[in-house]
Every structure is written in structure tokens, then in C-alpha cells.
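Notes follow the structure.
Just so you know, all these numbers are worked out from the coordinates, no wet-lab data involved. Bear in mind the structure is a predicted one, so any value in this text is a computation, not a measurement. Cβ sites come from the backbone with ideal geometry, for glycine too, and all protein chains shown count toward neighbours.
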């Protein structure tokens, strides 16, 4: 189904003003009018174009998901998780990489290897930024990759950095992306404006991150400053939902606060996101679940292989002994599928509630085969 492409005016009205905007950065650095400022996408000046790449690339404008799925092998498509060639538990073989990473260090290892092997010459990653405000950065050296392995649970507008890199001297780019960012890159690959170069052919690798939700930077920063002081925080983590807590890593050890304290800070746009595992990626990586519990699980990653490019990179890491593997616990795939379906159903219900019509899902098509078969939305 062809989706009508509109312009900046409609992007402002339909996405930004309705809290659908994820601050992914897909519209930033395409033209001077859109900027990412302190966790928000802001339109500085009006643009009179009736059709625009800002609207075409946005992950929250109407999208032909079937067209995006056709970029993958139909034999590997699952309704719950998208393309799935392989599913495994991995971690960095280097204990120093694991120590400096959020969990198992799989993403850091794969990005570093892609740079070393010349698969990419530039990686777009999230950097901490000032005051815990993430920003997208371009990295060419492996030594720099290892410094970007932590999560702040706040959106980094990495696609703004992708556009900046693509306009520059970078020839082969890899992006570590959230689900909405991976979807925007997939929309760019459809080339809705073949005559207008968006440099999307420079994109060679997308490593997606599992994501249930992200937090509003302002509210989180205020809480952390009040309770701990920003200078005393070494990192953040969120254990599995049964723990109902956020971990604050400090020089004196780990302090837990109730997840109920930060739940009100979840970005409104996350209520309308249907994708938990970054389905439009080459590889998708998230935290692990193992029988030994969280203290062991935090040192491992669950990884989904989605494309031949992703499989090739994983095979290289395995052959060089850069990643360690362990047997997947029974039932892990089924649990991940259920969690993904639950997120899809919740998004559909929230979108229908926003529109007031169960058949109007705003940026999604209720007749899409995946959503149609979910039922109960």
C-alpha cells in the first residue's frame, strides 16, 4: 500500500504536537529547520514544501510495513519478532569490554570488529553528553567505541548524526539504533525520492537495541540530581520487571530505587511504539535471561540475527574468539515472543484510544497482516 508523503506542516501537526515524536533524529540535519534540543525535536521555521524527506523518513508517519519487510527473507519472518535467522546468548570474550559495557559487551565487540574488518569506516553511536543528555557521535577508532557502551535510558538522536556523517567523508556507515531509529533507516532504504540523494547507500550495518521504553531526560536528571548528585553516578541499569527497580551505580555501590518513581518519566511516545526488538536491523541485541538470575544475566546478551550481513559479522566474531556463547535456556524464545506481542497489543490499544477509532491507528495500518492477526486490540 502506497502511503502519501506530506511535508513539514503535517509532521508538526500529526507527530510532534501529538506526542508521537520519538526524537530519533530522522528529520534533523536534512534541512536547517529541524533540530534536536534537550530531548525534543523542534521545528525552528516553517517550510512550505508539500512533500518532504522529514515526513517520509519519520518512523511515526504512515508506513507500508510490508514494503519494509520485503527487504528481508520471507522464510525467516515471524509475526512476533520480524526476521529471525538465529537466536543466541553471547557476551564479549574480553572481560574489560564486559566491564565497560551495559551488559555483555556484545554490541561493543561487534561494532569494533566491523571497524577493524573494514565492513564500516564510521560508527554512529550514543555518547553520554553533558548532564546525562545523550547525543549521537561519529566514531572511526575502536578505542573510542569502548567508551560508548553504557546506557542512560534516554533517547539519543543518533539519526541526526547519521545524516551528518553521510553528508561528510564517511563511506561505509554502521548505526547502533533503537527500534524507531531502525525503522526510519528502513524507510530511507526504500528511497521514496530516488532523485534526491539521502546518502542511504552508505549505510552498511544496523545493530538494533531491544527497547521497552525510554525516559524523559529532564525529569530523570532532576530526580538524580536531587537524590544523588550527577557527579556521583557511574551508571544506571534496570533489572527484569519482577525486581521493580532501577539501579543507580555509585562509587559506594549500587543503590536501588523503585521503578514506580521513574515510571512517570517514560516518554509519552513510547506508549505508541509497537516494536520491542528493533525488527528492521541486521542484528538485534538486548539483555539476557538465564536461570541463575539477574547477577549472571547482566553479563550476557540475547541476540537475534536477521540478515546475511548480520550473520557474516557474527560468524567473524565467533571465528576470532571475540564472543563467547552459551546454551539458550529452554523457553527464552517463547518468552521474548510473548513480550514483543504484548508491546504490539499495548501500542495498538493506545493508538486506537488516541484516535477514538479501532480502525484508525494513526501511523500504522490496522489491516497489516501482523496486527490483524494479533486480535484483542
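Numerical summary
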quantity: Label point distance in nm, residue 147-residue 372, each placed 7 Å from Cα along Cα→Cβ; calculated: 5.2 nm
quantity: Kirkwood Rh in Å, taken over all unlike Cα pairs in the chain; calculated: 21.0 Å
quantity: Protection proxy ranking, peptides 338-345, 23-30, average beta carbon neighbours within 10 Å, highest first; calculated: 23-30, 338-345
quantity: DSSP-defined antiparallel bridges as percent of all bridges, the range 217-265, nearest 5; calculated: 100 percent
quantity: Gyration tensor (alpha-carbon) shape descriptor, the range 217-265, a/c threshold 1.5; calculated: oblate
quantity: Residue 268 paired with residue 172, simple spin-label distance in nm, labels 7 Å along Cα-to-beta-carbon; calculated: 4.4 nm
quantity: Kirkwood Rh and Cα Rg combined as Rg/Rh, the range 1-159; calculated: 1.02
quantity: Theoretical gain in end-to-end length, residue 189 to residue 76 [0.36 nm per residue, Cα-Cα removed]; calculated: 38.7 nm
quantity: Estimated FRET transfer efficiency (residue 328, residue 353; beta-carbon r; R0 51 Å; 0.05); calculated: 0.90
quantity: Packing rank of 260-269, 181-190, where each peptide gets the mean count of other beta carbons within 10 Å, highest leading; calculated: 181-190, 260-269
quantity: Inter-label distance for residue 312 and residue 338, nm, one decimal - labels placed 7 Å from Cα along Cα-to-Cβ; calculated: 3.8 nm
quantity: Calculated P(r) tail over 19 Å for the range 284-377, as whole % of Cα pairs; calculated: 58 percent
quantity: Considering only the chain, percent of DSSP beta bridges that pair antiparallel, nearest 5; calculated: 75 percent
quantity: Over the range 174-279: Rg over Rh, Cα atoms, Kirkwood Rh; calculated: 1.10
quantity: Highest to lowest packing among 159-165, 43-49, scored as the average C-beta count within 10 Å; calculated: 159-165, 43-49
quantity: Rg in Å to one decimal, and Dmax rounded to a whole Å, for the range 1-89 via C-alpha atoms; calculated: 16.0, 49
